[in-house]
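**Student:** Have a look at this one.
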């Protein structure tokens, strides 16, 4: 398997950020790590090995990025507005630095990229796709939370105004821009969740997303796995293999 590691000083974040590339060809994915995660976690936690045939056969190409969650959504010592502002700097890093890097690496200046992630990575995958459908072709999101006014992030409804633009369940309900909706309808949207241990909040948010997509006339594959399917990597291996097999057989 072809593997590369890249790092540079991000002017948007004023820190060094890293990206790890897996594969030589195929549909590119930007992969977001779990909460407070790093760019090497997807490999270290076994997912690269689990989906290796898709990478080695040139069906997909992964660009695994760093997160700044500990500095943004999980820094409970600053206000929700400041956490949102810090995430916006990460948004600029991804869209203005990582996306051009992926396009250059794939030699296609107009390429739309897939997003993916598990748990907190799924939140980022959905949020980046929904906010930037001109850059992203769709998402495979596993076991995510898709609202910010919840105990996971130490916020409630009173904080929603400060973080609304990054809370997919909320802004999708209010979105009416035909340009965005048309791009969503042309995209590949897969949101999956198990119904076993540690998945109850993710189930609730996944259902909320499903209802939002239906109300907007956007086709999305919302998939609920069984009551034995837990919020854990062995199941995410199986889910990724299943969905990648459906898309890139």
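Derivation of every value follows stated rules applied to the coordinates shown; laboratory data play no part. On a predicted model such as this, the values are computed, not experimentally measured, just so you know.
**Student:** Only one of the listed values, [x] 18.9; [y] 14.2; [z] 12.4, was derived from the coordinates as mean projected area of the Cα convex hull in nm²; which label is it?
**Tutor:** From the options [x] 18.9; [y] 14.2; [z] 12.4, the structure gives [z].
**Student:** Okay, next question. Compute the separation of the alpha-carbon centres of the range 131-160 and the range 94-120 and state it in Å as a whole number.
**Tutor:** The range 131-160 and the range 94-120 have Cα centres separated by 19 Å.
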